[in-house]
Structure formats: C-alpha cells, structure tokens
Amino acid sequence: MNVFINYCKKLNLYREISLLLFTLVPIICWCFKEFTNLGTDFGGYYAGAYFLSDEYSLYNDHFEHKGPVFYFFIKTIGNLIGWGLPQSLITLFLSVMVFYIPLIFIINKYCKTFFAKITMILLSVSLLYGQNSNSSIAFFQEGLLILSMLPVLSNKYKLKDFIIAKIFFTLAILTRIDSLIFYPVILIHTIRVSKSGSGTKKVFILLLFLFIPLLFFLFFSIVFKFNLNNFLEANFYFNSWYKENYLQNSENIFISIFQYFKRPTALLLSNQSLIAPFAGALSFFLISKFRKPFLFDRNSNLYLKNIIHHLNIIIYKQNISWLIGTLSLVGFMMTNSDRDYHSLIFICPFCFLIVKNINRFLKNPSALYYSFPIYLFYLYAFICGRGLYSLYKSQSYTLPYAKTIEYIRNNNISPEIIGGRGWPYLLVNKKPIRAINDWWLYKLNEPYITKNLKEQHEKLLRRGKGYIFWIDNNLLESNTKNILLKEIKSRSVKIEDQGYFSMYKIK
C-alpha cells in the first residue's frame, strides 16, 4: 500500500513538473522573437537600465514616463548575468515570468482537475499571441498586481498578509501609475485586516499603510537620483498630456464616446484567447445572482437590503475577483488606447477571474468544453513555431540600423540620435549623450518639453560645424510641423540615409 501511495505522489509530482515545462516552452520560444523583433519600448527599458548611473539619471538625463521598479529589476538581472542581446532575452523571459509564476500557482490552487489545469494553462499562454517584447512591462506589472491580490482572493486577513499585499501593490504602482485603479481592493483588504484588531494594531496598520509606499519611493529615488517632482512630471503630467495630444479626441461627445469603445485590437486579442467569451459567461452567472433582489417588492427597504446582501456575498465574501475585473475594465477604458499591450490591463485580470471560477463551468465538461483546449493548442503551437523560426532566421538577420552601428564603431564616436531607441547605444556600448526616449519632443506638432529635454535640444544646436548626429527616419517621414525638428533640420545638412536612421551634420 505504501509503495502505491508513494508511486501516486511521484506521479502527481511528475505531472506538475510536466505542466510547468508545458507552460515554459512557449514563453521561451516567444522571447526568441526579440532576436529579429528588437522591440523599441523594451530596448529603451533595457538600454536605459544599463546606462543609468550618477551621470545618467532617471527622469532627468533618461526621460521616461513609467516608474522606477522595472528599471531596477532589469538592472539587477543585468548586473548578475551581464548585458547584451542574448542576455536581454533572459531578462525578458524573467520579466514575463513575474506574471506567469503567480498565475501558475493560482491555476494549481483553484483548478481541481487535470483538464481544467491544461485548459487554463493554454488560455494563459495564448495571451502572448499578438504581443511583442514591448508588453514586457505590462506583464511585469500584472504579475505584481496578482501577487498583491493573492491574500485578498484567499480571504487572508492577518498582519503579514496585509504587508505582502501592500508591498506588491506599491511596487506595481511604482512600475506603472495606472495600477492605482485597483486601490479600492487594497483599501477594502486593509479595512478588513484592521477590523478585528485592537486600537494599537489599527494605528500600526495605518502607519504601515502610509510608510510602506514612502519607504519604497525614497529607496528608488536615492538609487536612481530623482525627486518627487521628477516622478510626478513623468508619471502624471506626461500621461495627461499624452491623452490630450497623442490620442484622437473629438469635440463631438457622441464620437468621443464611440472612440472609447472602438478598440478592434483589444476585441481581437480578448476573443482569440477565449478570455472575452469566458468572461461573458461568468458575467451572465453574476447577473443571475441578482434575479431575486430585482423582482418587484413593495418593501423598498427590504429590496435595498437584498441588493446590498447579494453584493456583499458576491464581491466581498464569495469572490472579490469580480471587483478586480470591473476595475480593470474601467482602467482600460480610461487609457483610451487600442495598443496591443494596453489591452493587457483588462485581459490579464480577466484571466485571473476565469481561473478563480473555472470549476463552475467544468464540473461536467461537454463536447464544447473539450474543443477549447484543441483550439487554444493551435495558438500554443503557433507561438512556439514562430519563436523557433525567429531563432533560425536570426542567424542570417541584418539589423535595420547596421550601417549606423558600423559607422559609429569605425569612427569611435559617441552617438547622438534623435528618436534613437535603445538598441543602437547598447550594441555599440556607447553611453547616450541625450535622452534615449526623446520621441515626444519631436513627434507631434505640440512637443512635450521638460527642462532637461529642452537643454539637450539647445545643446545640439550649439554644436560646432561638421558635428555628426542622426535622426530616426520615422520622424522625418511622419512629421512636417514640429518646430523643434524643423529648427534642427534648418541648421544641418543630410549626409546619408542609412536605412533606419539618416546621418546629418551641423552646417
């Protein structure tokens, strides 16, 4: 009998290891795309983290509109394993695993059958389909949010659970400021933790609630040499300007409302991964819970009490993931953006919600439910196949800015690239002498100007005759009215189009 029990335990262990490997394979293959994709955003994060120092500080020299945590994560990994294109793939993999590790834990915890686990793993992996490395920070942020929500979902209200939730939620906010939309969930958890405590415990929880974010902010501000004003300008003022100037707005209120719902990319990504159909079915289940309280009742007080009672059961006592899902949708609508990685702000929490409730659907799986893994396995295979093809293609792949890199290396100069991206600086191992992400100074008719960006612009204009610099061709092709870009072009002459960048020199 003992032999049989030990055999079953080993079989279960092998099964769990197999599921883990089954999850890791497509994520690794997906990362291989970076050999030929070279995502612009991820390149900016990676190169920025590499060059950040006392002489090249975050928000001042290196302009950014995200928080410092992702940079700290990348710099820590890079200092451990080294820097370069192959190492960047490992960093990319680890940043995505910040999301998938807690998700795998939740799948193992809440999915009761092997069929449910396979279905949810395939569904979660399908989130990678249609995404590139620029989504790395979104996956990283969602992983921190999941870690902050685990004590909430598990109905754990001890002091240590509050500290865990608050720490990871603070890290999520200091990764991307839009994490604040989930603040009500953490606030509810804080209230429930302090509810049964003594007066001293409540005061201690309040102090922790206030000082945990403060301590983390002070730590990162010291490490990366920035102040509160730098942080607010980059994470609040810029994002407000971005929504007003970069996204399409209309004076017609009906068109504006329509634009908030016109998100074809998000619709495609959420449906192809089956997130939207599953979430719709779960929402129908939620609405059915309100059937009784919405029946006509002459006693209005009793009617109101019934609604409050059901809300309390469904959202707080039974499943707070509904609240998380609702807030994620609100946050997505507020972005007013249809970029592929912006859709993850609601797709990832919905995946979270589905895993938590999947057993409601798979108690007696029908033929329809058995077809879901078959369909999702197609996405799984495509992700793996495309990644392996990118790895094969990379052996003969030529970088789009290879000519510029060759010129910089041969002449041993410190490059100054307008709209530069991160990869050219990293691949020639030359520290930028201007912000890598200076795109917003030259992209739109109304530039986003900070003190440091303006100083870098004026410094270029004061360069001596014959000074060599580069301009991103995308800026040259898409912009005709930006005053600052016109000013640079009027004081320089184009030497050569090198493919991705054009080389200029001061007259």
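Working note: Karplus 6.51/-1.76/1.60 with θ = phi - 60° gives segment 339-348 the couplings 5, 4, 6, 6, 5, 5, 5, 10, 5, 5 Hz, where Gly and Pro are set to x.
Could you give the Stokes-Einstein D for segment 350-507 in µm² per second, using the C-alpha Kirkwood radius, 20 °C, 1.002 mPa s? Calculated translational D: 111 µm²/s.
Cross-link check: pairs Lys403/Lys451; Lys112/Lys195; Lys75/Lys403; Lys403/Lys465; Lys451/Lys494; Lys451/Lys486 evaluated at a Cα-Cα cut-off of 30 Å; pairs beyond the cut-off: Lys403/Lys451; Lys112/Lys195.
Think of a 1.4 Å ball rolled over the protein heavy atoms: segment 355-476 then has 50 Å² of accessible area per residue. Surface composition of segment 26-119: carbon and sulfur atoms hold 66% of the protein heavy-atom accessible area at a 1.4 Å probe. Kindly identify segment 426-507 as rounded, prolate or oblate by the Cα gyration tensor criterion: order the square roots of the eigenvalues as a ≥ b ≥ c, call it rounded if a/c is under 1.5, otherwise compare a/b with b/c, prolate if a/b is larger, else oblate. Rounded shape, in that the Cα axes give a/c under 1.5. Across the protein chains, with a 1.4 Å probe defining accessible surface, the residues Lys507, Lys66, Lys494 rank Lys507, Lys494, Lys66 from largest area downward. The residues of segment 99-245 present an accessible area of 41 Å² per residue when probed at 1.4 Å with all protein chains retained.
Model label points for Arg15 and Ile413, set 7 angstrom from Cα along the Cα-to-Cβ axis, are 6.4 nm apart. Sorted largest first by accessible area at a 1.4 angstrom probe radius, with every protein chain in place, the residues Trp83, Trp30 fall in the order Trp83, Trp30. Would you list, by chain and number, the aspartates and glutamates whose Cα falls below 17 Å from the Cα of Lys166, excluding same-chain residues fewer than 8 positions away? Within the straight-line cut-off, Lys166 pairs with Glu142, Asp178. Couplings 3J(HN,Hα) for segment 403-419, derived from phi with the Karplus relation 6.51 cos²θ - 1.76 cosθ + 1.60 (θ = phi - 60°), are 5, 5, 4, 4, 5, 4, 5, 5, 9, 6, 10, 8, x, 10, 10, 7, x Hz, where x marks Gly and Pro.
When the surface is traced with a 1.4 Å probe over the full set of protein chains, Thr40 keeps roughly 50 Å² accessible. Close amide H pairs (under 5 Å, H built 1.01 Å from N) link Ser492 with Lys507, residues at least 5 positions away or on another chain. For segment 55-184, the residue among Phe73, Ile177, Cys111 whose Cα projects farthest onto the positive side of the dipole built from Cβ charges is Cys111. Measuring with a 1.4 angstrom probe and ignoring ligands and nucleic acids, Glu477 comes out at about 140 Å² accessible. In the complete set of protein chains, residue-level accessible area for Thr76 is approximately 60 Å², probe 1.4 angstrom. Converting the Cα gyration tensor eigenvalues of segment 35-127 into ellipsoid dimensions via √(5λ) gives semi-axes, longest first, of 33, 14, 12 Å.
Largest to smallest in accessible area, the residues Ile118, Ile408 fall in the order Ile118, Ile408 (1.4 Å probe, all protein chains included).
The values are calculated or read from the model by the stated rules, or taken from the named source; none is laboratory data. In this text, all values refer to a predicted model and were calculated from it rather than measured experimentally. In this analysis, Cβ positions are derived from the backbone assuming ideal geometry, glycine residues included, and neighbour counts consider all displayed protein chains. Keep in mind that these areas ignore ligands, DNA and RNA; they rest on the heavy atoms of the full protein, side chains included. Shrake-Rupley method; radii C 1.70, N 1.55, O 1.52, S 1.80 Å.
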